Amino acid sequence: MQKTNAMRLLDAKKIAYESFSYDAAIIDGEKVAEILGEDKNRVFKTLVCVSDKGEHLVFCVPVNGSLDLKKAAVAAGVKSVAMIKQKELEPLTGYIHGGCSPVGMKKKFRTFIDATAEGFDKIYVSAGKVGLQMKLSPSSLCTFVGAKFISLRAEQE
């Protein structure tokens, strides 16, 4: 399996992870969780937003949930946040939609991980390429990217 930049960065810091590949045609996070045979609450998607002040922020939430933009704004200490346009993702982060990892973006952005991650010994995030996930300790991920655990998930109906 080809190493991604995210994997190389973790390797360099001797942070343990396992990588898993799947059909890159599948970009639905819940489907990815099914293929991995994992709880959908354990597989996280990485979302990039922009604040009312123009600051880019990164949020990781379970694939079967959605980001509560009000909670995200409170977490970041800003008035409001909005999702960036899909076409802005690659120039900003170096990653494409469906393959965005919180590890190894072009620049370091403030990052927030939904607090539910703390309930698992390991979680999955994109390894930086569509069709590739990595499983690692949420605390290792949090420390590596300088993230905070905070409630971000929209309340489910």
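The values are calculated or read from the model by the stated rules, or taken from the named source; none is laboratory data. No experiment lies behind these values; they were computed from the predicted model shown. Glycine gets a Cβ as well: all are built from the backbone with ideal geometry, and neighbour counts include every protein chain shown. The area values use the complete protein model at the heavy-atom level, side chains included, leaving out ligands, DNA and RNA. Shrake-Rupley method; radii C 1.70, N 1.55, O 1.52, S 1.80 Å.
Given labels modelled 7 Å from the Cα in the Cβ direction, how far is it in nm from E90 to A25?
Inter-label distance under the simple model: 2.1 nm.
When the accessible area of the chain is computed with all protein chains present and a 1.4 Å probe, what percentage of it is carbon and sulfur?
Ligands and nucleic acids excluded, carbon and sulfur give 52 percent.
Between S151 and K3, what is the label-point separation in nm under the 7 Å Cα-to-beta-carbon projection?
According to this spin-label approximation, the distance is 4.1 nm.
If the only charges are +1 at each Lys and Arg Cβ and -1 at each Asp and Glu Cβ, what is the size of the charge dipole of the chain around the Cα centre, to the nearest 20 debye?
Charge dipole, the chain, about its Cα centre: 720 debye, nearest 20.
Return one whole number: the accessible area per residue of the chain in Å², for a 1.4 Å probe.
Heavy-atom SASA per residue in the chain reads 51 Å².
Using only helices, what value at 222 nm comes out for the chain when you add -39,500 (n - 2.57) per DSSP H run of length 4 or more and divide by the total residues, to the nearest 500 deg cm²/dmol?
Dividing the helical sum by the residues of the chain leaves -7000 deg cm²/dmol.
What net charge do the residues around L141 carry, taking every other residue with its C-beta under 15 Å from that of L141, with Lys and Arg at +1 and Asp and Glu at -1?
Summing Lys and Arg as +1 and Asp and Glu as -1 gives +4.
Could you work out the pair-distance distribution P(r) of the chain from its alpha-carbon pairs, with 5 angstrom bin width and percents rounded to whole numbers?
Binned Cα distances yield the sequence 2, 10, 21, 24, 23, 15, 6, 1, 0.
For segment 1-48, what is the charge dipole size about the Cα centre, in debye to the nearest 20, if Lys and Arg each add +1 at the Cβ and Asp and Glu each add -1 at the Cβ?
Computed about the Cα centre, the dipole is about 360 debye.
Leaving out same-chain residues fewer than 8 places away, which lysines sit with a Cα under 17 Å from that of K135?
Of all the lysines, those that pass the test against K135 - Cα under 17 Å, at least 8 places apart if same chain - are K3, K13, K14, K31, K40, K45, K122.
Quick one: length gained pulling S140 to K107 fully straight, 0.36 nm per residue minus the C-alpha distance?
Computed gain between S140 and K107 is 10.0 nm.
Listed highest first by mean packing, meaning other Cβ atoms within 10 Å per residue, what order do 111-122, 20-31 come in?
111-122, 20-31
Taking the alpha-carbon centroid of each part, what is the distance from segment 34-70 to segment 1-19 in angstrom?
21 Å
What is the antiparallel percent of DSSP beta bridges lying wholly in the chain, to the nearest 5?
70 percent
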